[in-house]
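Reading through the structure tokens given below for one structure.
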Ligand code: UFG
């Protein structure tokens, strides 16, 4: 059976829906602190918390778990700098409880949601997996600590893992049934679309004095469905080759904040009010992935690399929800 931790969250719920369509036998484990019940309709769910060893132990006692997609984590960069204890406890200690249960019950395979935030300020663009990893925030550090733990469990031949370093996940299920919904929302594309809908009077662009084409930060936006494909391919690759590894997931193409706003105006056919304000602390100027390794080894190819498609799927969800 497949376990999806954090399966009621944004990216996890997209994988769950896809696996359900393929009739896979799966169980979602979520504490519903960030996840949504509506995102996991018609799915078997165990409500529990990774920080609680007893919850994790009961889960593994009650289900024969063969493979894990591990999404459950806190993921707000800003919050992680105010509440480091919360991030280390949930992300790191929670995963250690999961690894302990994997060891005890002989569960061998795990795909882990890591992040571009493990690199910190990049040395070179595009970013390859072997670049130095010096997180500039607690969130990124917590994910890097987990990657290190996974490496040791793999070295000790207890597990095999793939860590996927996502760049900027965006978009929604193409049928419009589920999508991104964070509270509070801090991500650019949902904020742009909420502004287009009139739910926000205006939005703020955090700085236009970066060394980029128009002065606003550049990011590599990747469709959530392409991320999901990579998870499925990573699990297959790991099982077939009995290996562990780390991969970036991005499109290798960067868009500035103003380009995102302009594209969203085109997609929504609405004017988006924005105001330039000061920089948000800890934002690097440019983050663009090299995904050559994922393409070569996992045989992964993004199906929806166009920013317009990413935004229009997100819009389809936002306007109809
Ligand atoms: N931005 C604005 N206004 C907003 C929101 C965002 O101008 O209201 C800008 C940000 O300054 C940034 C860009 O839009 O330059 C993208 O911001 P997001 O918050 O959408 O995404 P980040 O690049 O900051 O963060 C993403 C993930 C994190 C991950 C990080 C890795 O959401 O989980 O990439 O660097 F840690």
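By count of other Cβ within 10 Å, fewest leading, how are 32, 88, 247 ordered?
Lowest to highest Cβ neighbour count: 32, 88, 247.
Assuming 0.36 nm per residue, please report the length gained on full extension of the stretch residue 276 to residue 62 beyond their Cα-Cα distance.
Contour length minus Cα-Cα distance gives 71.8 nm.
When the gyration tensor of the range 36-169 is built from Cα positions, what are the square roots of 5 times its three eigenvalues, in whole Å, from largest to smallest?
Here the semi-axes work out to 26, 18, 14 Å.
I want to check the label-to-label distance for residue 52 and residue 295. Put each point 7 Å from Cα in the C-beta direction and report it in nm to one decimal.
Using points 7 Å along Cα→Cβ, the separation is 4.6 nm.
Helix 307-320: angle to the longest alpha-carbon principal axis of the chain, degrees 0 to 90, nearest 10?
Rounded to the nearest ten degrees, it is 80.
Give the angle, between 0 and 90 degrees and rounded to the nearest 10, that separates the Cα long axis of helix 188-197 from the longest principal axis of the Cα atoms of the chain.
The helix 188-197 is inclined about 60 degrees to the chain.
7 Å from Cα along Cα→Cβ at both residue 239 and residue 262: what's the point-to-point distance in nm?
According to this spin-label approximation, the distance is 4.5 nm.
Taking R0 as 35 Å, what's the FRET efficiency between residue 132 and residue 42 from their Cβ-Cβ distance, rounded to 0.05?
Efficiency at R0 = 35 Å is approximately 0.20.
In the P(r) worked out for the range 52-111, what percent of Cα pairs fall beyond 19 Å?
Tail of the P(r) past 19 Å holds 34 percent of the pairs.
Please build a GNM for the chain, connecting alpha carbons under 10 Å apart, and tell me which residue among 22, 259, 180 fluctuates the most.
22
Can you compute the modelled spin-label distance between residue 121 and residue 320, with each label point 7 Å from Cα toward Cβ, in nm?
So the two model labels end up 4.5 nm from each other.
How big is the chain in terms of Cα radius of gyration and Dmax, in angstroms?
18.9, 56
Give me 280, 219 sorted ascending by neighbouring Cβ count inside 10 Å, so fewest comes first.
280, 219
Looking at the chain, what % of its DSSP beta bridges pair antiparallel, to the nearest 5?
Expressed as a percentage, antiparallel bridges in the chain total about 5.
Give me the angle, in degrees from 0 to 90, between the Cα long axis of helix 257-268 and the longest principal axis of the Cα atoms of the chain, rounded to the nearest 10.
With both axes taken from Cα atoms, the answer is about 90 degrees.
Going by how many other Cβ atoms sit within 10 Å of their own, how do 75, 177 line up, fewest first?
Starting with the residue having the fewest Cβ neighbours, the order is 177, 75.
Only the coordinates and a few stated rules stand behind these numbers; no lab work does. Source: prediction; values computed, not measured. Positions of Cβ are backbone-derived with ideal geometry, glycine not excepted, and every protein chain shown enters the neighbour counts.
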